[in-house]
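Student: One structure, pasted below without further comment.
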Amino acid sequence: MSRFKNESAIPLSLETLWFTHSPPTFPYPALRQLGTILNANYAWESTPSLTPGIGTEHTFIGAVAWAEDTDSSAHPPGPSGVITKIRVRWISTSPTSATGEVKNTFPTTTHTARQEITHTHLQRASEWYAPDILGYVKSHIGLTIGDGECWTLAYKALQHAAAKALNEGREPPMLSTGRVHGSLIFEWTACAEYPITYASGILRHVPTGIRAGDILELSDGLFRTRHAGLTGLVGTQHEENVRFSAHTAVIVEVKMEDSTLGVIEQNGRARLVVAENEYNLSNMLGGVVRVYRPIGISLVAGSNLHDVSLAGVCDAW
């Protein structure tokens, strides 16, 4: 049984006061580490205390819909049907005295088979979601989003695109589930002997084409760039080596013939800050590069719109 299905194993992290932030940091980091989250929502209410001098009484109710356990990086995991609800109550004058509780609900039905994701699905998904994803990341350059981690920027951009889609009566995209951000459209393990280039054919035959608004995921990546210069009359050369154990970025520009992806990322070159950067894949000597296309939640394995919907879940405990 997964740890996230055991109520007693779910940390509330009340000592971090995540529930007092505006907006609340939800899902908070310790919750995200328990499993992959397909959807999240929250609501809160505040009422003046009946006891003079006590302050305002706050109640926060949040919910997350968990994905199935899977180690696959190729397919987005389907919904498990498990929903975890978290309630936190505190008084404004004493947030460190907050109390919390956890409640799980479990599915009562089985899911259907995985729906095949077609080229048409991928094209439509890019047209629907990319403009809002790009608008979000571009508008936050120079800022810190959430906890400042790279993954958080992609997650928040997808949340923004989902809210816009729902407001316009369209299907929302699935949110980042761990290091999976939609449908995998490109994957390659880099090596020095066979660089990732357009000329080599590696980038030439991506079935749906990498587009702005797709999400880049690097795993154990090693980039080496050689820089030439001139000191006096003497030519000089130095190398820059950059390593990533895991890094997420939103693609904003594709220069395929140069093997270069322009990105907006958080916690990359600029620590804990959203900034522009680019990655020349021909300089990648090791690790795995993956590109994901955000897709609608109905394309998640065996799901329909209701499988990951949290509408009304947080209205009452």
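Student: Note down the nm distance, to one decimal, between modelled labels 7 Å out along Cα→Cβ at ARG269 and at TYR194.
Tutor: 3.1
Student: When a footprinting reagent is the concern and you count Cβ atoms within 10 Å, what order do THR84, THR51 take, fewest first? Walk me through the numbers before you get to the answer.
Tutor: On the way: THR84 23, THR51 9.
Fewest-to-most ranking of THR84, THR51: THR51, THR84.
Student: If you average the alpha carbon positions of the stretch 251-294 and of the stretch 139-203, how far apart do those two centres end up, in angstrom?
Tutor: Computed from Cα coordinates, the inter-centre distance equals 10 Å.
Student: Something else: May I ask you to order 190-200, 24-34 by the average number of other C-beta atoms within 10 Å around their residues, highest value first?
Tutor: On the way: 190-200: 13.8, 24-34: 18.1.
The packing order, highest mean first, is 24-34, 190-200.
Student: Projected area of the stretch 102-226, taken from the Cα convex hull and averaged over every viewing direction, in nm²?
Tutor: Numbers: hull surface 48.7 nm².
The orientation-averaged projected area of the Cα hull of the stretch 102-226 comes to 12.2 nm².
Student: Separate question: May I ask which of LYS103/LYS164; LYS138/LYS164; LYS85/LYS138 have a Cα-Cα span longer than 25 Å here?
Tutor: Details: LYS103/LYS164 29 Å; LYS138/LYS164 16 Å; LYS85/LYS138 33 Å.
Correct reply: LYS103/LYS164; LYS85/LYS138.
Student: Still on this model: Kindly identify the stretch 119-298 as rounded, prolate or oblate by the Cα gyration tensor criterion: order the square roots of the eigenvalues as a ≥ b ≥ c, call it rounded if a/c is under 1.5, otherwise compare a/b with b/c, prolate if a/b is larger, else oblate.
Tutor: On the way: a/c = 2.25, a/b = 1.57, b/c = 1.44.
Because a/c hits 1.5 or more and a/b exceeds b/c, the stretch 119-298 counts as prolate.
Student: Using the per-residue mean of other Cβ atoms lying within 10 Å as a proxy for protection, in what order, highest first, do the peptides 266-273, 125-132 fall? Could you put the intermediate results ahead of the total?
Tutor: Working: 266-273: 17.4, 125-132: 19.9.
Those peptides, ordered most packed to least, come out 125-132, 266-273.
Student: Could you tell me the calculated FRET efficiency between SER219 and THR120, based on Cβ-Cβ distance and R0 = 25 angstrom, to the nearest 0.05? Intermediate values should be presented prior to the final figure.
Tutor: On the way: r = 29 Å, r/R0 = 1.17.
For SER219 and THR120, the calculated efficiency is 0.30.
Read the figures in this text as sums done on the coordinates, not as results from a lab. These numbers were taken from a predicted model, which means no experiment stands behind them. Note that we place each Cβ from the backbone using ideal geometry, even for glycine, and neighbour counts take in every protein chain shown.
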